[in-house]
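Visitor: This structure is in structure tokens; I'll ask about it shortly.
The values are calculated or read from the model by the stated rules, or taken from the named source; none is laboratory data. The shown structure was predicted, so the numbers you read here are calculated from the model rather than taken from an experiment. All Cβ positions, glycine included, derive from the backbone under ideal geometry; neighbour counts span all protein chains shown. Quick note on the areas: whole protein, heavy atoms, side chains included, nothing else; ligands and nucleic acids left out. Shrake-Rupley method; radii C 1.70, N 1.55, O 1.52, S 1.80 Å.
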Amino acid sequence: QVQLVESGGGLVEAGGSLRLSCVASESIFIDGYTVGWYRQAPGKQREKVASIDSDGIIDLARSVKGRFTISGTSAKSLALQMNSLKPEDTAVYYCNVRTRIHTYWGQGTQVTVSS
């Protein structure tokens, strides 16, 4: 079972930046795995923010294109660089790993953007 731990959330003013990190208990950049970030704002459904598949293909939500960047920082870690943050980016951000069989989630880290 893959364990995921996020960090880097916090309170930032609109226009600011944050960098989220996710550290896994084992290698996550493996053939057939897709790794990424999701977020859930109060009263809303969880939505995908960004992902990388095992072919290195990156998928970004339209709402964050040009502002957020996803990257693998080691065999066991993942980052989400968030620039030009907006109040509507406020949410709990979750690290996610999908294998051919299972889906794993971190506990989430709160990001709050003040206007």
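Visitor: Go through S51, S17 for me and flag whichever is surrounded by fewer than 17 Cβ atoms within 10 Å (Cβ to Cβ), of a type in the set (S, T, N, Q) and either farther than 18 Å from Q81 by Cα or out of contact with any Lys or Arg (no Cβ under 8 Å at 6 or more places or on another chain) (or both). It would help to see each step written out before you state the result.
Guide: Numbers: S51 fails: surrounded by fewer than 17 Cβ atoms within 10 Å (Cβ to Cβ).
That would be S17, the only listed residue that is surrounded by fewer than 17 Cβ atoms within 10 Å (Cβ to Cβ), of a type in the set (S, T, N, Q) and either farther than 18 Å from Q81 by Cα or out of contact with any Lys or Arg (no Cβ under 8 Å at 6 or more places or on another chain) (or both).
Visitor: Pairs needed: first member in the stretch 1-25, assigned to a loop (DSSP other than H, G, I, E, B); second member anywhere, of a type in the set (V, I, T); C-beta distance under 7 Å; at least 6 residues apart or different chains.
Guide: Close Cβ pairs satisfying both conditions: V2/I28; V2/V97; G8/T109; G9/T109; G9/V111; A14/V113; S25/V2.
Visitor: Report whether or not T69 is of a type in the set (S, T, Y) and in contact with a Leu (Cβ under 9 Å, 6 or more places away or on another chain).
Guide: Working: of a type in the set (S, T, Y): yes; in contact with a Leu (Cβ under 9 Å, 6 or more places away or on another chain): yes.
Judged against the criteria, T69 is a match.
Visitor: Check whether at least one residue in the stretch 34-47 is touching a Phe, Trp or Tyr at 6+ places or on another chain (Cβ under 9 Å), open to solvent by less than 40 Å² (accessible area, probe 1.4 Å), of a type outside the set (S, T, N, Q) and part of a loop (DSSP other than H, G, I, E, B), and report yes or no. Show your work before the answer.
Guide: So the first thing to find is which residues in the stretch 34-47 are touching a Phe, Trp or Tyr at 6+ places or on another chain (Cβ under 9 Å), and the list is 35, 37-40, 46-47.
Checking the rest, the ones that are also open to solvent by less than 40 Å² (accessible area, probe 1.4 Å) come to 35, 37, 39.
Pick out the ones that are also of a type outside the set (S, T, N, Q) and you get 35, 37, 39.
After this cut, where a residue has to be part of a loop (DSSP other than H, G, I, E, B) as well, the list is none.
No: zero hits.
Visitor: Let me ask something additional. Across the stretch 54-83, what is the total count of residues that are assigned to a strand (DSSP E or B), open to solvent by 30 Å² or more (accessible area, probe 1.4 Å) and out of contact with any Phe, Trp or Tyr (no Cβ under 8 Å at 6 or more places or on another chain)? Break it down stepwise before answering.
Guide: To start, the set of residues in the stretch 54-83 that are assigned to a strand (DSSP E or B) comprises 58-60, 68-74, 77-82.
Among the residues that remain, those that are also open to solvent by 30 Å² or more (accessible area, probe 1.4 Å) are: 58-60, 69, 71-74, 81.
Going one step further and asking which of them are out of contact with any Phe, Trp or Tyr (no Cβ under 8 Å at 6 or more places or on another chain), we end up with 58-59, 69, 71, 73-74.
Selection size over the stretch 54-83: 6.
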